[in-house]
Amino acid sequence: MFRVEIPSVDMITRNVASRRGMIQFREQEAYLHMAGKPYPERIVISLRKDQAPYVPGWYVIDMQRSLYVDRFRKLSFSLELQPAAPAIPESAA
C-alpha cells in the first residue's frame, strides 16, 4: 500500500521556453510512504494548469483516475490523489 503525505501547499512553478512559446510546469513536493520501507521517498507531483495545490495531509493514489489509455492505445499513468481515510487507533481495533 502506498500513502502520500503532502506537507505544504507550497507550489514550484517553472517556465521553460519551447518552439511554441513558454510552457509552465507546476509541481508540489510530497513524500511517498511504501509498505516495508523504513523511510519515505521525496517525490514531486505535477499539477494541471487549473489544478489547485493539494492541502497538507495524507492521501492515497486513486488508481481509477490515474490509469488511462493514451492516444496510442498504451496504458499510461497520471498521478491523481484522494484523501486517505483516517487511521483507526489501535486501541479501538
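The values are calculated or read from the model by the stated rules, or taken from the named source; none is laboratory data. Since the model is a prediction, treat every value here as computed from it, not as a measurement. Positions of Cβ are generated from backbone atoms using ideal geometry, with glycine treated the same way; all protein chains shown enter the neighbour counts. Side chains included, ligands, DNA and RNA excluded: accessible areas come from the protein's heavy atoms. Shrake-Rupley method; radii C 1.70, N 1.55, O 1.52, S 1.80 Å.
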Open item on the list: Let me check something: with ligands and nucleic acids excluded, how do D10, D70 order by accessible area (1.4 Å probe), largest to smallest?
Closed with: D10, D70
Open item on the list: Counting only trypsin sites (Lys or Arg not before Pro) that sit in a DSSP loop (anything but H, G, I, E, B) with at most 13 other Cβ atoms within 10 Å, what is the longest stretch of the chain containing none of them?
Closed with: 21-47
Task: Mean Cα-pair separation over length for the chain, i.e. relative contact order, pairs under 8 Å, 6 or more apart, % - done: 26
Task: (1) 59, 34, 24; (2) 64, 25, 17; (3) 51, 22, 21, with the label sought being that of the calculated Cα extents along the principal axes in Å - done: (1)
Open item on the list: Can you compute 3J(HN,Hα) from phi for each residue in region 65-79, using the Karplus curve 6.51 cos²θ - 1.76 cosθ + 1.60 with θ = phi - 60°, rounded to whole Hz and x for Gly and Pro?
Closed with: 8, 7, 9, 7, 9, 7, 5, 9, 6, 9, 6, 10, 9, 9, 4
Open item on the list: List the residues, sorted by chain then number, that are 5 or more residues from D62 or on another chain and whose placed amide H is less than 5 Å from its amide H.
Closed with: E80, L81, Q82
- [ ] Report, to the nearest whole %, how much of the accessible area of the chain belongs to carbon and sulfur atoms, 1.4 Å probe, protein only.
- [x] 56
Open item on the list: Running a GNM on the chain with Cα contacts under 10 Å, which residue among Y39, Y31, Y54 ends up with the highest mean-square fluctuation?
Closed with: Y39
Task: Accessible area (Å², per residue) of the chain, counting only protein heavy atoms and a probe of 1.4 Å - done: 81
- [ ] Considering only protein heavy atoms, with the full assembly of protein chains and a 1.4 angstrom probe, order V69, V9 by accessible area, largest first.
- [x] V69, V9
